[in-house]
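Peer 1: Please read through the structure below; I'll follow up with questions.
The values are calculated or read from the model by the stated rules, or taken from the named source; none is laboratory data. None of these values were measured; they are calculated from a predicted model. Using ideal geometry, Cβ is built from the backbone for each residue, glycine included, and neighbour counts are taken over all protein chains shown.
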Amino acid sequence: MTDVDAASRELSKELFDIGAIRFGSFTLKDGRESPFYLDLRILVSHPTALARVGRALSRRAADLNFDRIAGIPYAGLPIAVAMSLVSERPMVYPRKEAKEYGTRKAVEGKFAKGEVALVVDDVITSGGAKLEAIAALREVGLRVEDVLVVVDRTAPGANAIEQAGFRLHSVLRVEVLLHALKQDQLIAEADCERSLTFLSSQA
């Protein structure tokens with residue numbers, strides 16, 4: 001049985017209570033059918049849970065070297081703001097598309113070339129969005145060493161980040177989240193086992 005610490009259990013329960021993880025049958029972007037679905041975008045409607053996530057991210061980043069938090073639009077922005085408020089660390093964010101008017105900025109916020117940006121997002125699956133954001137940040141002179149997410153889905157994205165030369169960190173691995181919910185009898189054992197089997201098939 002996976003050992004789950006108290007902080008992970010509390011956060012897992014809060015994510016479950018607000019509906020950030022659901023069980024059933026869900027079609028993923030790549031066409032596969034998943035027995036569970038993570039939707040951390042819902043955090044914007046739950047300020048208490050959002051604040052808890054901000055604190056958890058701040059604790060996880062305590063030993064990392066960075067000057068700015070860089071949230072990834074769209075799901076990563078509110079959690080990056082929550083982390084910024086807790087840690088009192090300044091934030092920037094790469095735009096989805098550069099503005100074609102006004103300042104035409106590709107990255108919003110104040111920064112200096114050579115500063116280190118910590119990339120923050122909700123979950124990691126393929127890693128593609130993270131690498132696109134990193135490219136935009138580096139284009140304007142920011143350095144990136146680490147990527148921090150709330151939940152690591154234990155998908156190919158982790159390998160993609162590391163193979164590109166960056167370090168991946170997470171508050172929760174999805175296996176820990178599932179075991180925490182099962183231990184607290186919030187989900188059926190069958191749902192947990194189906195989800196773990198699906199995850200192992202991705203390895």
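For (1) modelled with pLDDT of 95 or more; (2) surrounded by fewer than 18 Cβ atoms within 10 Å (Cβ to Cβ), each residue gets a yes or a no:
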| site | (1), (2) |
| --- | --- |
| Gly54 | yes, no |
| Arg59 | yes, yes |
| Asn65 | yes, yes |
| Ala70 | yes, no |
| Lys96 | no, yes |
| Tyr101 | no, yes |
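Peer 1: Determine, yes or no, whether Val53 is of a type in the set (A, V, I, L, M, F, W, C) and farther than 22 Å from Asp191 by Cβ.
Peer 2: yes
Peer 1: Name the residue, out of His179, His169, that is touching a Cys at 6+ places or on another chain (Cβ under 9 Å) and closer than 19 Å to Asp5 by Cβ.
Peer 2: Selected residue: His179, the only one of His179, His169 that is touching a Cys at 6+ places or on another chain (Cβ under 9 Å) and closer than 19 Å to Asp5 by Cβ.
Peer 1: Go through (1) at pLDDT 90 or above; (2) touching a strand residue (DSSP E or B) at 6+ places or on another chain (Cβ under 9 Å) and name the single condition Gln163 misses.
Peer 2: Among (1) at pLDDT 90 or above; (2) touching a strand residue (DSSP E or B) at 6+ places or on another chain (Cβ under 9 Å), the lone unmet condition for Gln163 is (2).
Peer 1: Continuing with this model, one more query. What residue, among those in segment 109-138 that are among the acidic types (Asp, Glu) and modelled with pLDDT of 95 or more, is nearest to Thr27 (Cα to Cα)?
Peer 2: Ranking the qualifying residues of segment 109-138, first place goes to Asp122.
Peer 1: Still on this structure, please answer the following. Give the number of residues within segment 133-156 that are part of a helix (DSSP H, G or I) and either in contact (Cβ under 8 Å) with a residue 24 or more places away in the chain or of a type in the set (Ser, Thr, Tyr) (or both).
Peer 2: Total meeting the criteria: 5.
Peer 1: Right, another one. If a residue counts only when it is under 24 Å from Glu175 (Cα atoms), which strands (runs of 3 or more DSSP E) contained entirely in segment 46-128 have at least 3 such residues?
Peer 2: 116-124
Peer 1: Is it true that some residue in segment 15-33 is outside any strand (DSSP E or B), at pLDDT below 95 and either surrounded by 20 or more Cβ atoms within 10 Å (Cβ to Cβ) or of a type in the set (A, V, I, L, M) (or both)?
Peer 2: yes
Peer 1: Next question. Could you list all residues from segment 157-175 that are surrounded by fewer than 19 Cβ atoms within 10 Å (Cβ to Cβ) and outside any loop (DSSP other than H, G, I, E, B)?
Peer 2: Of everything in segment 157-175, those that are surrounded by fewer than 19 Cβ atoms within 10 Å (Cβ to Cβ) and outside any loop (DSSP other than H, G, I, E, B) turn out to be Asn159, Ala160, Glu162, Gln163, Arg167, His169, Arg173, Glu175.
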